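Below is one structure; the comments refer to it alone.
The values are calculated or read from the model by the stated rules, or taken from the named source; none is laboratory data. If you're wondering where the values come from, they're calculated on a predicted model, not measured in any experiment. Cβ atoms come from the backbone with ideal geometry, glycine included; neighbour counts cover every protein chain shown. Note: areas computed on protein heavy atoms with side chains; ligands, DNA, RNA excluded. Shrake-Rupley method; radii C 1.70, N 1.55, O 1.52, S 1.80 Å.
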Amino acid sequence: MAEQKTIVVIGASYAGGWNLEKPLAGFRFINKGIGGQQSFEMLSRFEADVVALKPNAVIIWGFINDVFRSDRGQIEQTLTRTQESLGTMIRMAKEAGITPILATEVTVRSRDEWRETLAGWASYLLGKTSYQDYVNSHVVRINRWLRETAARDGILLLDFEAALSNDRGVRRMEFAQPDGSHISQRGYEALSQLTEARLRSASVYRP
């Protein structure tokens, strides 16, 4: 009997909260999500938490803490560092014979949608950007880079942003916990369904 293939998921709290005890598409998952981490911190443990485990593939997911923790005046430098960290993890995986899989980051919503709507209109009238829109604009920007990278390099992409967002690019209510940031159980179920479907559709990933 062939040994079951494995996929490591590396990320922050979103990844850490994903219950992957049951196999998806025949793969066993190892969750290496650590809450609060930025992409450069994920990179710093990539050798120990991914390469050393010798999985068949790795899902690289998570950079929203880079945006949350960046000074607004330094956001351009932060996003450049984010791309470099993600790109280095892709390279390290390939060099170790591990198939990289990219996942887009998910957008956020406010704690209270009604208040956010009023605040959003007020910000619009004042020519300002709400914090939610500020964060989401940078999430969308790096996600665009991830999609382009995946398409250019032939890397499987899990488009988590598209799976959980509404037509305004904001996380749908049922996919968010009350804080507007963390993912609800229904959200994780949607991500698991997407992941299983994408893995099954990509013949190269079949165990």
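Having 2 or more residues that are touching a Leu at 6+ places or on another chain (Cβ under 7 Å) and either more than 25 Å from I142 (Cβ to Cβ) or open to solvent by 10 Å² or more (accessible area, probe 1.4 Å) (or both) is the bar; report the strands (runs of 3 or more DSSP E) wholly within segment 1-73 that clear it.
Qualifying strands (runs of 3 or more DSSP E): 28-33.
Identify, please: which residue in segment 74-91 is out of contact with any Leu (no Cβ under 8 Å at 6 or more places or on another chain) and more than 26 Å from H182 (Cβ to Cβ) and is, among those, least open to solvent (accessible area, probe 1.4 Å)?
Selected residue: G87.
Filter segment 1-20 down to the residues that are of a type in the set (A, V, I, L, M), within 13 Å of S184 (Cα to Cα) and in contact (Cβ under 8 Å) with a residue 60 or more places away in the chain and list them by number.
Hits for segment 1-20: nothing passes.
Give me the residue from segment 181-204 that is of a type in the set (V, I, T) and either closer than 18 Å to P100 by Cβ or more than 16 Å from the chain's Cα centre (by Cα) (or both) and, out of that set, modelled with the lowest pLDDT.
By that ranking, first place goes to V204.
Determine if segment 110-117 includes at least one residue that is of a type outside the set (S, T, N, Q) and modelled with pLDDT of 95 or more.
No; the residues of segment 110-117 include none that is of a type outside the set (S, T, N, Q) and modelled with pLDDT of 95 or more.
Taking into account only those residues within segment 164-187 that are of a type in the set (D, E, K, R) and assigned to a loop (DSSP other than H, G, I, E, B), which is least open to solvent (accessible area, probe 1.4 Å)?
Checking each candidate, the answer is D179.
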